[in-house]
Each structure stands twice: as C-alpha cells, then as structure tokens.
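Below: the structure, in structure tokens.
The values are calculated or read from the model by the stated rules, or taken from the named source; none is laboratory data. Here the structure is a predicted model, which is why all the values come from computation and not from measurement. Cβ placement follows ideal geometry from the backbone for every residue including glycine, while neighbour counts extend to all protein chains displayed. Calculation scope for accessible area: heavy atoms of the full protein, side chains included, ligands and nucleic acids excluded. Shrake-Rupley method; radii C 1.70, N 1.55, O 1.52, S 1.80 Å.
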Amino acid sequence: MKITDIEGIILRLPVVRAIGDGCQSVLLIRVHTDEGLVGIGEAHTNPLVSKAILDAPLCSVSAEGLRSLLIGEDPRDIGRLWDKMYKHSATYGRRGALMHAISGIDIALWDLLGKIAGLPVHRLLGGPRRDAVRAYASDLSQPDLGDTIALARRHCEAGFRAMKFGWGGLGQDPRADARAVAAIRAEIGDAMDLMIDIGVPMPLDDALYLGRAFADSGVYFLEEPLSPDDVAGFARLVAQSPTPIATGEKETTQYPYLDLMDRGGLRIIQPDVARVGGISETLRILHHAEARGARVIPHCWSTDILVAATLQVLAVQRDAPYLEFNATDNPLRTDLLAEPMRVVDGFVRVPDGPGLGITLNDDTIARYRWTG
C-alpha cells in the first residue's frame, strides 16, 4: 500500500470572532492510498499556516513540505514516517505549527492503520482499559456573570457531572474572578467538579491569590494562569497553591512536558493530540507522566475528529480522569461527523469501529469549506 496524496481542507465559520474559541476554523487532513482507503486527521492550529507546511515544495533536505515527503510511502510505517517528517523539516520546524501539521497526519495514519487492520486504534495501542470516559463540559466564560451561571445550569441539565469555564470575562481582576467562581459553585452545588481556565497570563501574585481563593470553592484545577514559558513561576505556584494547577495545551513534542513536570512541578498536564505530534507523541508523553505520577487530562477543544482521537488515547491510559468536551453551539464541533459524539449520563463512549471509528459528514464539509 502506498500514499497517493495528503489533502488539507480548511473549514471555517462564516464569521470568526476574536474570542477564545479555537474551533472557528480547522484543518481537516485526509491521507489517500492506492487501495482506496483514506485516513482522517485534524491539526489544531491556524489552518492556513499548517496547510502551507503541508503543501510546501522542497526547499532543502531539512526544509521539505510534508505532502511531497510522504507520497509513495507505506502508510503503515507510522513511526518511521513520523521520524522522517521531523527530520526533514528541522530547519523551519521541530515545534509549533510544524508539529501541528505532523499531528494531523499522524492521527490520519493511525486511523488508516486501524481501517487496514479492521480494528479500532485503541486495540492497536494495546487494548482499552475502559469503553467510556467521563466528560467535563468546556465552555467560555461570558462577560455577564448571569449568562455564565445560565450556561452552568444548562450543562447540569444536560447530564454533565463536571464543567470548566475559561477566557471571556476571566483574568482581568482576580477578586472579581474569585467572586464569580464562588457564585458558579453556589449554583451547581458541591457534587459537581468545577475547573477554571484563565487562558491569559497574569502576574504570579494574582495567580497565587486565585489558587488560594479557588480552594474555598473546591476548584478541581486552575488552568494556564501563567505564561507557558514561565516554568519557574509554575514551580512557585504549584508549591504554594492549594488548588491544583494544570497547563500544557500550547506545547508541542514531549520535551516541554519534561520541563513542566521536572522543573515546574506540574501534577496535571494537558497535551493536545492534534498539536503535540499526534497519537504517537501523546503516547510518549503519557509514559513520561506515568513514571512521574502526574495526571494527563488532554486539551480537546475542537471538532469530533479530535474528540475521537483523544478518546482512543484515553481508552488505553491507566488513569483517565476526564475528557474535555467542547460544549459550545458550533457546527464544526456538532455536525462534522455523520454520527456526532454525544454525552450520555456524563460519559462519552470510546468509538469502537475501525480506526478512529468515525465517518465524516460531507454536507458539513461542503458548507464550511474555505478556499480563500
């Protein structure tokens, strides 16, 4: 079997707003083969940037575009192809958008391998430890606290047993944030896990204030209150905050997570399968975390392609506390699959069909395909 083409398709909502929603435009990747099988993946990124990386012509032996690099290769050789992409893009890559593109291709290759074998990806990864994962509703904080509380009420009614609010009105005034979180906790009760994602870096003293204040509201974790590069700051915050700290969604490859855990003291890390280097690199991160006793709760704010890929990984983890589930009303999240992912009694089932176990909705692709 040979790869005949790697297709990058940009999907984009008609109106894209300057808000903390990374699912307003996405890069769908399809790996085509000479036997008619097609692997599906997604790069969680700025899609135009990663599509350029996909389609770029040869510039030098260490600055090749990924599409031409893989055409003619056997798609079953996932590890070798991952290394080839990493090596032959080293001049302009190694991190960032390059790894986002590699992630999408890697996900598609695993999907393809599962289709070839007639098995779900989790079987190829050693077999599942669970067939469903508890989901938390992940939503945007609203400028008006009453609107955020209304969303919290809606998520409770939808059967979620945990929820997270982030960005939006948060991160401007730590005392206002503490009051807002206390009000949300009063609305949802003590049985519901509550996570808070600040999303934008704040001064360390403000993050320490929130770490202490949020403990009174029983916050499950405080996410990304500092710059991703402030590893020393995270070390101080983790050591002093009674509220657990989580971060890692912006990192790529396994190496920053070693820093976050070893120098930053992080006990909860959040790799995004469609950013860090795909399923292959996520597994390496899982092994590092497991050896250190850290928990992995992946970042998963995009389409159901990413949800399916993340579930395949969560199925094989020894410890899989939660699946992040984008709970916004966004057709790129809710309508991209012929059978969309659904939360039932607070859980999402792991797809058990071949590969990722998903089928794309061609009507949605046609409706939101962006050609510039």
So, Arg236, is that one surrounded by fewer than 18 Cβ atoms within 10 Å (Cβ to Cβ) and touching a helix residue (DSSP H, G or I) at 6+ places or on another chain (Cβ under 9 Å) or not? yes
Take segment 282-308 and flag every residue that is open to solvent by 10 Å² or more (accessible area, probe 1.4 Å) and either out of contact with any strand residue (DSSP E or B) (no Cβ under 7 Å at 6 or more places or on another chain) or modelled with pLDDT under 95 (or both). Leu283, Arg284, His287, His288, Glu290, Ala291, Arg292, Gly293, Trp301
Scan segment 77-93 and report the pairs whose first residue is more than 12 Å from Ser280 (Cβ to Cβ) and whose second residue is in a helix (DSSP H, G or I), with Cβ atoms within less than 6 Å and a gap of 6+ or a chain change. His88/Leu69; Ser89/Leu98
What pairs come out if I take residues in segment 145-168 that are closer than 15 Å to Asp190 by Cα and pair them with residues that are among the β-branched types (Val, Ile, Thr) and surrounded by 17 or more Cβ atoms within 10 Å (Cβ to Cβ) whose C-beta lies under 6 Å away, six or more apart or interchain? Ala152/Ile184; Ala152/Ile188; Cys156/Ile188
Return the only residue of Arg154, Arg134 being open to solvent by 40 Å² or more (accessible area, probe 1.4 Å), charged (D, E, K, R) and outside any helix (DSSP H, G or I). Arg134
Hits in segment 125-150 (condition: of a type in the set (A, V, I, L, M) and either under 22 Å from Arg175 (Cβ atoms) or touching a Gly at 6+ places or on another chain (Cβ under 6 Å) (or both)): Leu140, Leu145, Ile149
Of the residues in segment 349-366 that are acidic (Asp, Glu) and farther than 18 Å from Gly41 by Cβ, the one that is surrounded by the most Cβ atoms within 10 Å (Cβ to Cβ) is Asp352
Flag for Leu332 being open to solvent by less than 10 Å² (accessible area, probe 1.4 Å), closer than 22 Å to Pro120 by Cα, in contact with a strand residue (DSSP E or B) (Cβ under 9 Å, 6 or more places away or on another chain) and not β-branched (Val, Ile, Thr): no
Exactly one of Leu124, Leu140 is closer than 30 Å to Leu69 by Cα and in contact (Cβ under 8 Å) with a residue 12 or more places away in the chain, and that residue is Leu124
Of Ala246, Ala186, Ala180, the only residue that is closer than 24 Å to Gln142 by Cα, of a type in the set (Gly, Ala, Ser) and touching an Asp or Glu at 6+ places or on another chain (Cβ under 7 Å) is Ala246
Determine, yes or no, whether Arg369 is among the basic types (Lys, Arg), under 19 Å from Thr45 (Cβ atoms) and in contact (Cβ under 8 Å) with a residue 24 or more places away in the chain. yes
In this structure, does Tyr209 turn out to be out of contact with any Ser or Thr (no Cβ under 9 Å at 6 or more places or on another chain), modelled with pLDDT of 95 or more and open to solvent by less than 10 Å² (accessible area, probe 1.4 Å)? no
Test for Ile268: is it among the aliphatic types (A, V, I, L, M) and within 19 Å of Phe165 (Cβ to Cβ): yes
